[in-house]
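All remarks here apply to the structure that follows.
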Ligand code: WTA
C-alpha cells in the first residue's frame, strides 16, 4: 500500500477523525425520492433492481428481456435485446405526455443575454439538427466531434447525434488544436460541430481557428479527412472560411425539417466516446453505450439529487466537455424532465457574485459543483454570497475530487443556509454515473466522506491481494460487480481496456483511487494511486505533460508531479533538465525565466491552458530508481517544500541533494 500512503496528505488523519454528523431534517426525509426501503429492495433484487430502474426511468421501443450478460467479461451487456433512443427519452417522451411547455433550459450567457428553452423548443431544434446532420451524410454509427462552449446548441448537438445513433465525442473547448487533432484521428470522425467562439472572463475567445489548425494537421495515413464543419455563430467574430467543408449551423438549421423520426438502436449501441487522461501519454477514448448508461444516469440524478421535476430548478456547473456535463447536464436531467440552468461563463464575470446572482434570479433549488469552486468562493469571502437570496436552495452536491471537511462545512453553512443536505458524489468518466454518495433523505452526512455505495452498486476497499480491508483500514477502491453505466471499453483498444482496469485484480474493476473505510464502514476517498493528477477537478496525466515538455527543443528530460494546492486541489509542477545551449542560457535568472515561460506556453498550446504548469523547476538531474523509474514521490516532497522522504532506492542517492542545492 505504499502508493496510497504516498498520496495521503497530513490532513488525512484529521479527516478520519471527523465526528460531525448531519442527518437529514425530518421534512426532507419525509419527501425524499430515495428511501431506506429502496436500498433494501436493491439488496433483495440483485441485478434485477437495475432492470426495474431501466423500465421505470426509460421508454423502450422494444422492451428488453435480458438484464445482464457478463459472459464476455470485462465487456458487459445490459438489457441487450431492448431498443431505444436517447433523444426520444430526453424529449419526445415529455412532449407526448403533455410536458412540452415546461422549461428545459434557462440559458444565461456570460455577457448577460438569456434564452428560455422549453421541451417543445428543444425537440424542434434537435429534430432540425438531426435532419441537418443526416443531410450532410452522417449515418448511424458515424462519430461526430463536438467542440463548443456552454451553449444551448451544445445540448442540441449532442442530442441530435444521439437521435440518429451517431456517437458523439465532445472535446472540451479549453483543449488545444493538437489535443483536438489526436481525438479526431482516434475517433475517426468526419464531421465537427463547433462555434466561431464564446465568452469567457468578459471577452470573446475563438474556437474555429483551433478546428482549422487541427484539420490542417491531420495525418492522411491515419484519417480520411473532415467532410463538414458546422459552425455555430456565437460571438460574430471574423472566421476563416473553407467553402468546401464549412457551413453555418443556423443556415443548416433553417432549411431543415422540424420533424424527425428517431433511430431506435440496440441498448448496447455506442452513445458516446469521451476522452480522458490515463497514466500514459495517450488519452483514452472511454466508450459508453445507450441503455445501461441512461438508466444509471437518470436513476442517480433522481435518487441523489432528489429531483422533483415539477418544482425544482437544477443547476450543474460542469462543462459539457466533461463526463459530469454528459450525465448531469444532458442525459440525467433531461430524461427526468428537469428544468435547469446553463451558464456560459466564469464565476467572477462581471463580478464575484455572478453564480449567486444566478441562483437568486432563477430560484435554483439544487446545485451541483466542484470543491475547487467552493474553495475559491471561500477565499473570496462569505460577504459575496451573503448579498444574494439563496433560500431557494434545498440540496447541494459536490464532485470531482475529495472535498475537505472545512469546504464541506462552509458550503452547507454559507450556501445552504445551514440546513441543506450536501451530497459528496464519487464517480469517474469510466463509471458513467455516480457510484458512491450519501442518499440525501437517508444518510447522516459526514463532512468529507462520500460514505456508501448507491443502491445496486457494489464497491469495496481492498489490499494488494484483493482482500477487503477491515473497518479503519486503507487500500484500493474497486467495484466488485458490473454496473449498468460502466464503460464498455476504450475506443479501438480492447487490450488497453483490460490492462488498465481489469489486470490488477481478477474480475473486479480497479478505479485507480485510494480509499479508507472508517469505523462505521464509511468510505473516504484519498486521491489517485497512479500517475493521474487532479487539478481543479480535471484529470491530467503526468506522462502526457512530460511528453509535451520533452517535445520542446529546450528539454532533455522532464518529470511532472501534482503538488498539493489550497484552491485547485493539485497544481502541475514540472522538473526539467535543459539541453546544452538552453542550459547555458538559463544560467542567469532572466534567461531561466524566459525559458520557463516558453515552456509553460508550449504546454498550454499542445494540451490546453488547464495543463499549463504552475511552476517549472530547472534541475541538473532527476531522481531515478535503478530500473530507471522516476521517483515522483521525492519530487512532490520538493514541490510541497517538505523534507525529502526515503531516497534509499535511488540509483544515485546524491541526486536529491543536487536538486535541492540547485533550487536553494
Ligand atoms: C476523482 C469526474 C474524491 C477521483 C466525475 C476519480 C473524486 C476522478 C470524487 C475521476 C469525489 C471524482 N471524491 N475524488 N467525490 N469525484 N473524484 O473521470 O480521483 O473526470 O478517479 O470524473 O476524480 O475524474 P473524472
Report summary line: Taking 0.36 nm per residue of separation between residue 494 and residue 387 and subtracting their Cα-Cα distance, the length gained on full extension comes to 33.3 nm
Requested in this report: Using DSSP, restrict attention to beta bridges with both residues in the chain and report what percent are antiparallel, rounded to the nearest 5.
Outcome: 60 percent
Report summary line: The base-10 log of I(q)/I(0) that the Debye equation returns for the stretch 131-174 at q = 0.22, 0.28 Å⁻¹, one scatterer per C-alpha, is -0.68, -1.01
Report task. Note the full-extension length gain between residue 351 and residue 651 as 0.36 nm times their separation in residues minus their Cα-Cα distance, in nm to one decimal. Result -> 102.7 nm
Report task. Sort out for me the Cα centre separation of the stretch 109-152 from the stretch 612-634, rounded to whole Å. Result -> 45 Å
Query raised in the report: P(r) tail for the chain, what percent of Cα pairs lie past 37 Å?
Result: 35 percent
Report task. Run the numbers on the stretch 527-663 and let me know its relative contact order in percent, using alpha-carbon pairs under 8 Å that are six or more apart. Result -> 20 percent
Query - Segment residue 218-residue 97, length gained on full extension (0.36 nm per residue, minus Cα span) - result: 39.0 nm
Report summary line: So, with points 7 Å from each Cα along the Cβ direction, the residue 227-residue 579 label distance in nm works out to 4.2 nm
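Using only alpha carbon pairs under 8 Å that are at least six residues apart, calculate the relative contact order of the stretch 44-166 and give it in whole percent. Please list the in-between numbers first.
Values: 143 pairs, mean separation 24.3, N = 123.
Answer for the stretch 44-166 is 20 percent.
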Query - Computed [θ] at 222 nm, deg cm²/dmol, the chain (DSSP H ≥ 4; -39,500 (n - 2.57); rounded to nearest 500) - result: -8500 deg cm²/dmol
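Please say if the stretch 267-321 is rounded, prolate or oblate, where rounded means a/c under 1.5 for a ≥ b ≥ c the square roots of the C-alpha gyration tensor eigenvalues, and otherwise the choice is prolate for a/b larger than b/c and oblate otherwise? Could the numbers behind the result be given before it?
Details: a/c = 3.11, a/b = 1.70, b/c = 1.82.
Oblate, because a/c is 1.5 or more while a/b does not exceed b/c.
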Query raised in the report: P(r) for the stretch 217-260: what percent of alpha-carbon pairs falls in each 5 Å bin, starting at zero?
Result: 5, 16, 20, 21, 16, 12, 7, 2
Query - Highest average packing first - 91-100, 587-596, 153-162, 602-611, Cβ atoms within 10 Å - result: 153-162, 602-611, 91-100, 587-596
Query raised in the report: What is the Rg over Rh value, at two decimals, for the stretch 527-663, using alpha-carbon atoms and the Kirkwood definition of Rh?
Result: 0.94
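Using Cα pairs under 8 angstrom and six or more residues apart, how large is the relative contact order of the chain, in percent?
Result for the chain is 14 percent.
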Query - Cut-off 14 Å (backbone N to label point 7 Å along Cα→Cβ of residue 663), residues of the stretch 586-621 - result: 614-621
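Based on the alpha-carbon gyration tensor of the stretch 309-430 and its eigenvalue square roots a ≥ b ≥ c, which shape applies: rounded if a/c is under 1.5, prolate if not and a/b is larger than b/c, or oblate?
Since a/c stays below 1.5, the shape of the stretch 309-430 is classed as rounded.
Based only on other Cβ atoms within 10 Å, what is the fewest-to-most ordering of 552, 351, 288, 260? Walk me through the numbers before you get to the answer.
Numbers: 552 19, 351 10, 288 27, 260 23.
In order of increasing Cβ crowding within 10 Å: 351, 552, 260, 288.
Between residue 69 and residue 567, take the C-beta separation as r, use R0 = 41 Å, and let me know the FRET efficiency to the nearest 0.05.
Step by step, r from the Cβ atoms, then E = 0.35.
All of the numbers you see were taken from the coordinates with simple rules; none came from a lab. Every value quoted in this text rests on a predicted model; they were computed, and no experiment measured them. Here the Cβ is made from the backbone with ideal geometry for all residues, glycine too, and neighbour counts use every protein chain on show.
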